[in-house]
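Here's the structure we're looking at; comments come further down.
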Amino acid sequence: MHLTGRHRSSATEELQVIAPSKLAIENVSKSFRGASGSVLALDRVSLNVAEAEFVCLVGASGCGKTTLLNIIAGLEKPDSGLVLADGKPVTGPGRERLVMFQEPALFPWLTVLGNVLFGLKLKPNLTSKDRRDVASYYLELVGLSRFERANIHELSGGMKQRVSLARALAPNPRVLLMDEPFAALDALTREQLYGDIQRIWKARRKTIVFVTHNVREAACLGDRVLLFAPHPGRIHEEFTVDLPRPRDINSVDLAAYATRITKALKSLGQPEAAVTG
Amino acid sequence: MKRFLLAAIFFAALVLIWEILFRAKIWSPVLLPSPGQVVTYLESAAADGTLAKATVITMRRLLVGYVIGLIMGLPLGLLTARWKLFHDTIGTLALGLQTLPSVCWVPLALLWFGQTEAAMLFVVVMGTLWSVVIATETGVRNVPPIYRRAALTMGSKRFHIWFKVILPAALPFIVSGMKQGWAFAWRSLMAAEIFVTILTGFGLGQLLHYGRELSAMEQVIGIMIVIVVIGLLADKIFFSPIEKFLHRRWGTSQA
């Protein structure tokens, strides 16, 4: 690669591992008006997430975990309570906290590269060369360098989520918010991504809040797993997963954690909640 | 190449049948001229410049009106998609007027603008506008909300979202609306030119009209062929590449 000195310096600067944020969620409540009246999706939820911590939120559908993620992202406003990122209140969405959605939120009118560049183009003080270098770096990190020019519809589900991950990482956020990103993928692809996300999390030092209904997935990825209970949505129990990394989803130790969490989940009287693993 | 050959054989057969019908003398040659006569007419009209002049005049009216229709239709479509007030007013108006065959604008245009270029332009704009408004609104309303949310988290704001997310996401709808608008504009312009004599310029429709007045069937058919060819070319040169691009990017089925 032929880079001039100035280019090299600012692309490299952009690629530096920056300090991850710590999050403080204080007494957050949120209700939605539904067909059958008002539903309390979150009832005075408080939670602290340390810098570079990987926290998983698990629970049955409708327990408010996605709502909480959206509130942290700034996409939704709480009725009461506060979200602080590094002590500063979150008032709206911003590239410090990027979201990876469950549904493919990639833009079909752009190529793979175009999608990864989207967030970078919104960052000031970068030349187009810098942006390209940064985008290439992240595409390589997720193993998709060869697919830069591909159209989105040509990718498999797993590849799409890899591009989503690269797109979310590219603007170098301090927090990564992941909303069931692997739920729609097959088991084999998922296992690969568990390895990748742990590797990338370690390399890029992000604070990650990860929403899932898959208990085993939560135990595999999280430093802490928070079990949510529905009606009203609240944190029911907290589990600290004390296992060395990288963790293998199929390991026996991990299964023990998953069983404990599953038991707690079942005790909430929601046997139909996904106990997949 | 094989497809091209088959298509060529098909059209050659069509001309051959025409020639056979002409030679069979079922109809008077006044009503059904031979392909040769039509070609002779087209050659002479091309040689003396009548055809080129008429084509330029017609295309100028069409393009200017079409572009005005687009420039007005796109923002109106965005407004109707964005605000309920515009949806209930302009949106309803557009839906109603789109069902009105655009030929119906000709009498009104004549009374308002007289036998002028403005009348022609008005008819073309009316043909284009409402299709574009409705397609733009539909397109924007069909953009998955998640695109907007994803863009918001990446730091995209109001205008950036509209131009870099909503508009491109709605593009397939907008293009099909543009195509429909083009078809409506083309039809209504032909109708207007056939109806209305304008001294500032003889378009293809007027040539068609005078072919009928003079009972010059070879002229009528010749001009019809020219009109068909222009329609085909517009599709192949302008819309087809855009649609191919959309199919390739979006992965929708390719015709």
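The values are calculated or read from the model by the stated rules, or taken from the named source; none is laboratory data. What you see is a predicted model; the values in this text were computed from it and never measured. Reconstructed Cβ throughout: ideal geometry from the backbone, glycine too, with neighbour counts over all protein chains shown.
Residue selection: A:Glu238 satisfies the criterion of being in a strand (DSSP E or B) and surrounded by fewer than 21 Cβ atoms within 10 Å (Cβ to Cβ).
Residues in the range A:32-42 include none that are within 20 Å of the chain's Cα centre (by Cα) and free of Cβ contacts under 8 Å to residues at least 40 places away in the same chain.
Within the range A:121-165, the only residue that satisfies the criterion of being assigned to a loop (DSSP other than H, G, I, E, B), among the hydrophobic types (A, V, I, L, M, F, W, C), closer than 18 Å to A:Trp109 by Cα and without any contact (Cβ under 8 Å) to a residue 40 or more places away in the chain is A:Ala150.
Conditions tested, residue by residue: (1) modelled with pLDDT of 95 or more; (2) part of a strand (DSSP E or B); (3) not hydrophobic (A, V, I, L, M, F, W, C).
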| site | (1), (2), (3) |
| --- | --- |
| A:Ser21 | no, no, yes |
| A:Arg33 | no, yes, yes |
| A:Ala41 | no, yes, no |
| A:Arg44 | no, yes, yes |
| A:Gly62 | no, no, yes |
| A:Thr67 | no, no, yes |
| A:Ile71 | yes, no, no |
| A:Arg95 | no, no, yes |
| A:Glu103 | no, no, yes |
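The single condition among (1) part of a strand (DSSP E or B); (2) within 12 Å of chain B (Cβ to nearest Cβ); (3) aliphatic (A, V, I, L, M) that A:Val83 does not meet is (2). Per the conditions (1) surrounded by 12 or more Cβ atoms within 10 Å (Cβ to Cβ); (2) under 24 Å from B:Met120 (Cβ atoms), the sole criterion not satisfied by B:Gly49 is (1). Among the residues of the range B:198-249, those that are of a type in the set (S, T, N, Q) and either touching a helix residue (DSSP H, G or I) at 6+ places or on another chain (Cβ under 8 Å) or in a helix (DSSP H, G or I) (or both) comprise B:Thr200, B:Gln206, B:Gln219, B:Ser240. A residue that is within 11 Å of chain B (Cβ to nearest Cβ), touching a helix residue (DSSP H, G or I) at 6+ places or on another chain (Cβ under 9 Å) and surrounded by fewer than 23 Cβ atoms within 10 Å (Cβ to Cβ) occurs nowhere in the range A:162-174.
Would you confirm, using the coordinates I've provided, whether A:Thr127 is within 19 Å of A:Ser21 (Cα to Cα), surrounded by fewer than 19 Cβ atoms within 10 Å (Cβ to Cβ) and more than 10 Å from chain B (Cβ to nearest Cβ)? Here the answer is no, as A:Thr127 does not meet what is asked. Can A:Gly157 be described as of a type in the set (Gly, Ala, Ser) and either within 22 Å of B:Ser156 (Cα to Cα) or in contact with a strand residue (DSSP E or B) (Cβ under 6 Å, 6 or more places away or on another chain) (or both)? No; evaluated as a whole, the condition is false for this residue. Taking the options B:Leu6, B:Leu42, B:Leu14, B:Leu31, name whichever one is assigned to a helix (DSSP H, G or I) and in contact (Cβ under 8 Å) with a residue 40 or more places away in the chain. Among B:Leu6, B:Leu42, B:Leu14, B:Leu31, only B:Leu42 is assigned to a helix (DSSP H, G or I) and in contact (Cβ under 8 Å) with a residue 40 or more places away in the chain. Going through the range A:93-118 one residue at a time, which ones are at the interface with chain B (Cβ under 8 Å from one of its Cβ atoms) and over 14 Å from A:Glu154 (Cα atoms)? Within the range A:93-118, A:Pro93, A:Gly94, A:Arg95, A:Arg97, A:Leu98, A:Val99, A:Phe101, A:Glu103, A:Ala105, A:Phe118 qualify. For the condition away from every other protein chain (no Cβ under 14 Å), in contact with a Gly (Cβ under 8 Å, 6 or more places away or on another chain), of a type in the set (S, T, N, Q) and crowded, with 16+ Cβ neighbours inside 10 Å, what is the one hit in B:Gln206, B:Gln219, B:Gln180? After ruling out the rest, the residue left standing is B:Gln219. Every test in (1) part of a helix (DSSP H, G or I); (2) buried (at least 20 other Cβ atoms within 10 Å of the Cβ); (3) of a type outside the set (Asp, Glu); (4) within 20 Å of the chain's Cα centre (by Cα) is passed by A:Met178 save one, and that test is (1). Only one entry in B:Thr92, B:Thr40, B:Thr58 is β-branched (Val, Ile, Thr) and over 22 Å from B:Glu218 (Cα atoms), namely B:Thr92.
Take the residues in the range A:184-202 that are within 14 Å of the chain's Cα centre (by Cα) and among the hydrophobic types (A, V, I, L, M, F, W, C); name whichever of them is surrounded by the most Cβ atoms within 10 Å (Cβ to Cβ). My answer is A:Ile197.
For B:Gly36, the criteria (1) more than 26 Å from the chain's Cα centre (by Cα); (2) among the small types (Gly, Ala, Ser); (3) on the phi > 0 side of the Ramachandran plot hold in every case but one, which is (3). Set side by side, the residues A:Ile200, A:Ile208 differ, and just one is assigned to a helix (DSSP H, G or I) and modelled with pLDDT of 90 or more, which is A:Ile200.
Taken over the range A:207-244, the criterion of being under 21 Å from A:Leu185 (Cβ atoms) and not hydrophobic (A, V, I, L, M, F, W, C) is satisfied by A:Thr212, A:His213, A:Asn214, A:Arg216, A:Glu217, A:Gly222.
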